[in-house]
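To start, the structure under review is shown below, and the notes come after it.
Every number in this text was worked out from the coordinates using simple rules, so none of it is lab data. All figures in this text were calculated on a predicted structure; none of them were measured in a lab. Don't worry about glycine lacking a Cβ; one is built from the backbone with ideal geometry, like all the others, and counts go over all protein chains shown.
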């Protein structure tokens, strides 16, 4: 398994400044990797007692059996991860509310490329970090996968999002979170976050919810925010070019439409 190095945040201390109420039951924040996982996780951490947050590990297929306690109904834990859909994962998470976070595939391949180039991901022996690899080639690898090392865009979205969507799990889009944060005092943001909190099963929404959201969404608290990554590949474009957009559409036809991006 590739080693990922992340810096700690101070959200536990921030959390304890507020009165907290326990969740009615387990809540699992599942996501396509590099879709804003830390953003959604950090926001929701501000609404759950620190003691009820399962921080032992990001829950994934490879470690699921070691972390089933996160889904025990009586524990009422908040947990998070990148969990593939299967009969086993569907059964083991059945007692938890599962929210699935996605991102526009066009921007996802760029976010993934930046992370692969960063010092936080793996080490310099990895070929994807080679200066001999062009940016165009790297982005193409993010779309079609690295043989025997990382999944293709299609497989990543199919197993981490679309299949969970078919099982009835609510989908949250990264772009909708960002839009709500930009106008946090507006009615649109209130409507969005009330819907999110309802989907997450909060027993009640505190009056100071906006302040909690602001703290949780602070990009300084996210070790994977692009500006907090080291050597994150400044040559990677901010917007996906037409050529690679066509490749995304070829690799995963209908995906963006299914997720509401087209």
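Some points to look at:
- Crossing angle, helix 135-144 versus the chain [Cα axis fit, 0-90 degrees, rounded to tens]: 60
- Once the chain from residue 207 to residue 88 is taken as fully extended at 0.36 nm per residue, the excess over their C-alpha distance is 39.0 nm.
- The label-point distance for residue 17 and residue 239, in a model that sets each label 7 Å from Cα toward Cβ, rounds to 3.8 nm.
- Placing pseudo-labels 7 Å out from each Cα toward the beta carbon at residue 261 and residue 150 gives an inter-label distance of 1.6 nm.
- Using the Cβ-Cβ distance between residue 72 and residue 135 with R0 set to 35 Å, the FRET efficiency works out to roughly 0.15.
- Whole-angstrom gap from the stretch 11-69 to the stretch 133-193, using each part's C-alpha centre: 18
- Shape annotation for the chain: C-alpha extents along the principal axes are 53, 40, 36 Å, from largest to smallest.
- Stretching residue 199 away from residue 50 to a fully extended chain increases their span by 51.6 nm, per 0.36 nm per residue minus the current alpha-carbon distance.
- Each peptide in 149-157, 48-56, 8-16 receives the mean, over its residues, of other Cβ atoms within 10 Å, and ordering these scores from highest gives 149-157, 48-56, 8-16.
- For the chain, the longest principal axis of the C-alpha atoms and the axis of helix 105-117 are separated by about 80°.
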